[in-house]
1. Restricting attention to segment B:52-92, and to residues there that are more than 11 Å from every other protein chain (Cβ to nearest Cβ) and out of contact with any helix residue (DSSP H, G or I) (no Cβ under 8 Å at 6 or more places or on another chain), which single residue is farthest from residue B:20 (Cα to Cα)?
2. Looking at the structure I just gave you, is residue B:114 loosely packed, with under 14 Cβ neighbours inside 10 Å and among the acidic types (Asp, Glu)?
3. Identify, from the list A:54, A:31, A:107, A:64, the residue that is in a loop (DSSP other than H, G, I, E, B) and surrounded by 10 or more Cβ atoms within 10 Å (Cβ to Cβ).
4. Restricted to segment B:1-44, and to residues that are part of a helix (DSSP H, G or I) and of a type in the set (S, T, N, Q), which residue is nearest to the other protein chains (Cβ to nearest Cβ)?
5. Against the condition without any contact (Cβ under 8 Å) to a residue 12 or more places away in the chain, within 17 Å of residue B:166 (Cα to Cα), surrounded by fewer than 16 Cβ atoms within 10 Å (Cβ to Cβ) and of a type in the set (Gly, Ala, Ser), how does residue B:55 come out, does it pass?
6. Only one of (1) in a loop (DSSP other than H, G, I, E, B); (2) free of Cβ contacts under 8 Å to residues at least 24 places away in the same chain; (3) among the polar types (S, T, N, Q) is not met by residue B:139, so which one is it?
7. Quick one: would you say residue B:98 is within 14 Å of chain A (Cβ to nearest Cβ), of a type in the set (Asp, Glu) and surrounded by fewer than 17 Cβ atoms within 10 Å (Cβ to Cβ)?
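Bear in mind these aren't lab numbers, they're just calculated from the coordinates by the rules spelled out. This structure is a prediction, so every number in the text was calculated from the model and none was measured. Note that we place each Cβ from the backbone using ideal geometry, even for glycine, and neighbour counts take in every protein chain shown.
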Amino acid sequence: MESLNESSPALAFEKDAFELTVEDVYDISYVIGRDLLKISNTGEEVSDLQFKIVRVLEMFETLVNKYNLSLEEVKMERDNLKSELDRILSESSAGQEAQTLGPDKLVVDLKDPNRPRFTMQELKEVLQERNQLKAQLLVTQEELQLYKSGMLLHGEQAMVEVDLEPLPRSEQFTETTHEIEDGPKEEKSTISKLFSFRRK
Amino acid sequence: MAKKTYDLLFKLLLIGDSGVGKTCVLFRFSDDAFNTTFISTIGIDFKIKTVELQGKKIKLQIWDTAGQERFHTITTSYYRGAMGIMLVYDITNTKSFENISKWLRNIDEHANEDVERMLLGNKCDMDDKRVVPKAKGEQIAREHGIRFFETSAKANISIEKAFLTLAEDILKKTPVKEPNSENVDISGGGGVTGWKSKCCS
């Protein structure tokens, strides 16, 4: 009995207007059509009204259909926007973290092959080593040149010596004059070696 | 016995804004050449040039610094060892001239108190693009009691003169030795300030 009641087309009349489906409209049409049949034999006026009612029901069908379709579209659009929002939020969370580091911080793109990745101290050390090697090369070149030419001509030919101390005195400051006096000690070996070799 | 090929060693330093031509000024002086392609100096570099002044062979070790602010900590650590500093600006670049006071402050903060200073207004061959009048350079140099030259590394104007003048000014300050010291005493002690002598046994 209950199940019969539930499936009864007349139940469509009790529904909320915004919950109506096209099937409900058909149920309503069915009930109205059935009831009209009961009075259809009374004359032409009723039959005229029947057509009008059918027309209204058709319009009703179209409206319900359209409403339901629009509702579905809006729901889909809402879901799309929701997932888009989630994606953007998770993506920007990394950026958010960087931003909270402070205004003086820099965001580095780890995929950039030219991104900065050495510290100033490392660069400083590399440059010091480069300059030291450069100084040594200059000394060697000069020694070689003297050895090739001048030294073979003159016993008294001057030996080369370049200040191999291109690096600035870091913390303990010595006067430049002392610095110069400091020089010869370290350079002795190379110079004297070459010299005694020649004199032999 | 052997002695050095030079009598004195002077350490010089070039500073100034990025792109004013410090490296070109040095390259003109050391190699008498000029290169138009701009390669920004990374941190610090140097060149050696031996000159003769008042009968003395003076080896100039000239440090070339990067003008870019990001190398500031590296470059300023080289100020202290310098006996002479050349501050270079670009006569076609107002900003580089305005920054002179900033560079002078760096010298005050990081260099020896008695360091010899010099101001160079470079690129003076580009008179059509000049924005800093020569008189303004002269004026600021006068205010700070330092020498001033307008130079052009490209056209080779006053480059050598500037370096030699700076070396001369340093030489004047250098304690005087006995005049006939060309035959350097090799008896080890030496002790003459600024003179490098070498003894080989």
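1. Ranking the candidates gives B:55 first.
2. Yes.
3. Details: A:54 fails: in a loop (DSSP other than H, G, I, E, B); A:31 fails: in a loop (DSSP other than H, G, I, E, B); A:64 fails: in a loop (DSSP other than H, G, I, E, B).
Criteria check complete, one pass: A:107.
4. B:30
5. no
6. All conditions are met except number (1).
7. no
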